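Trainee: Pasting in a structure now, in structure tokens, and then I'll have a few things to ask.
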Amino acid sequence: MISVTRIASFNNFLRDKGLTLICAESITAGLLSSTIASVSGASAILKGSIVTYDATVKTKVLGVDAQIITAYTAESKETTFAMCAGLRALYPDASIAVAVTGVASLPTTDYVIDKEVGQIYVSIWYQAFHHFETVIKPDKTDDQRNEIREKTVAFILDKIEAVVRGAKVV
């Protein structure tokens, strides 16, 4: 779990720079925005979040081309980039747009996933597009799915700060 101190530090960092944030969340299903909003004063930076867990929401709300999802899957850097671009089109006044997709666990339906559990994709727009992907390795806990989601949120907070600072980000 991300500490309140860490969350407040992130929020203060963006607030002190006069920056605002909007999110499109798939794998995190609102956890990113909920985490940011968990400390007082979040309204100064958080403009909103769209949970795009289903591919139809990605296409109908964010304008992601269905052919991108068909060609690359809903959990891909291409889809994540398109989500971030769609978010920017919907809310161009936000200083930062972030979109995230990935695989938190194996499917329980006939949905086919061709990625490793823990694979995440993040696109951040801040003055330009920045793309990241990694594999989040959970500890040996009984709730690896939510651990992956929480570690994904921590990864995103770190990447946003690094992008805003202008640091070389890998």
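The values are calculated or read from the model by the stated rules, or taken from the named source; none is laboratory data. The model shown is predicted, which means the values in this text are computed figures rather than measured ones. A quick note on method: Cβ atoms are made from the backbone with ideal geometry, for glycine too, and the neighbour counts reach across all protein chains shown. Surface accessibility is based on the protein's heavy atoms, side chains included, excluding ligands, DNA and RNA. Shrake-Rupley method; radii C 1.70, N 1.55, O 1.52, S 1.80 Å.
Trainee: Under the rule of at least 5 residues apart or a separate chain, name every residue whose amide H is placed under 5 Å from the amide H of V51.
Mentor: HN-HN under 5 Å from V51: E25.
Trainee: Would you please give the residues with an amide H less than 5 Å from that of V64, counting only those at least 5 places away or on a separate chain, with H modeled from the backbone geometry?
Mentor: Here T59 satisfy the definition.
Trainee: Over the chain, what is the relative contact order in percent, taking alpha-carbon pairs closer than 8 angstrom and at least six residues apart?
Mentor: Averaging sequence separation for qualifying contacts and normalising by length gives 21 percent for the chain.
Trainee: Here's a follow-up. Quick check: at a probe of 1.4 Å, how many percent of the accessible area of the chain sits on carbon and sulfur atoms?
Mentor: Details: 4480 of 8510 Å².
It is 53 percent, rounded to a whole number.
Trainee: Give the long-range amide H neighbours of T20: residues separated by 5 or more places, or on another chain, with amide H under 5 Å away, using H modelled in the peptide plane at 1.01 Å from N.
Mentor: S95, I96
Trainee: Sticking with this one: Where both partners of a DSSP beta bridge lie in the chain, what percent of those bridges are antiparallel, to the nearest 5? Please report the intermediate quantities before stating the final value.
Mentor: On the way: 13 of 23 bridges.
Looking only at bridges with both residues in the chain, the antiparallel portion is about 55 percent.
Trainee: Could you order R165, R88 by accessible surface area, starting with the largest, using a probe radius of 1.4 Å? Display every interim value, and only then the final one.
Mentor: Working: R165 150, R88 50 Å².
I get R165, R88, largest accessible area first.
Trainee: Suppose only helical runs count, i.e. DSSP H with n ≥ 4. What mean residue ellipticity at 222 nm does that imply for the chain under -39500 (n - 2.57) per run, divided by all residues and rounded to the nearest 500 deg cm²/dmol? Could the numbers behind the result be given before it?
Mentor: Numbers: 6 runs with 68 residues, N = 170.
The helix contribution divided over the chain gives -12000 deg cm²/dmol.
Trainee: Moving on to the next point. Compute the distance in nm between two label points, each set 7 Å from the Cα along the Cα-to-Cβ direction, one at A162 and one at D54.
Mentor: About 3.5 nm, to one decimal.
Trainee: Sort largest first and round to whole Å: the equivalent ellipsoid semi-axes of the range 28-119, each the square root of five times a Cα gyration tensor eigenvalue.
Mentor: Numbers: eigenvalues 122, 57, 19 Å².
Working from the Cα gyration tensor, I get semi-axes of 25, 17, 10 Å.
Trainee: Moving on to the next point. Grab the Cα-Cα distance for K140 and Y111, subtract it from 0.36 nm times how many residues apart they are, and report the gain in nm with one decimal.
Mentor: On the way: separation 29, 0.36 × 29 = 10.44 nm, distance 2.54 nm.
The span from K140 to Y111 would gain 7.9 nm if fully extended.
Trainee: Follow-up question, since we're still on this one. Working from the pairwise distances between different alpha carbons, so that the mean of 1/r is found and then inverted, what is the chain's Kirkwood radius in Å? Before the final figure, lay out the partial values.
Mentor: Values: mean 1/r = 0.0625 Å⁻¹.
Taking the inverse mean of 1/r over all distinct Cα pairs, the chain comes out at 16.0 Å.
Trainee: Dipole of the range 46-129, Cα-centred, from +1 at each Lys and Arg C-beta and -1 at each Asp and Glu C-beta, to the nearest 20 debye? Walk me through the numbers on the way to the answer.
Mentor: Numbers: 6 positive and 8 negative charges, 60 e Å.
Result for the range 46-129 is approximately 280 debye, rounded to the nearest 20.
Trainee: With every protein chain kept in place and ligands, DNA and RNA left out, what is the accessible area per residue of the chain? Probe 1.4 Å, answer in Å².
Mentor: Solvent-accessible surface per residue comes out at 50 Å².
Trainee: If you don't mind, there's one more thing I want to ask. Please compute the modelled spin-label separation between Y91 and A128, points set 7 Å along Cα→Cβ, answer in nm with one decimal.
Mentor: Roughly 2.5 nm, to one decimal.
Trainee: Additional query: Taking the chain as a Gaussian network, where each spring joins two C-alpha atoms under 10 Å apart, which residue of K151, K137, K77 fluctuates the most?
Mentor: Per the Cα network of the chain with a 10 Å cutoff, K137 tops the list.
Trainee: Of A37, L87, S26, which is farthest towards the positive pole of the range 14-107's charge dipole, taken about the Cα centre with +1 and -1 on the beta-carbons of Lys, Arg and Asp, Glu respectively?
Mentor: A37
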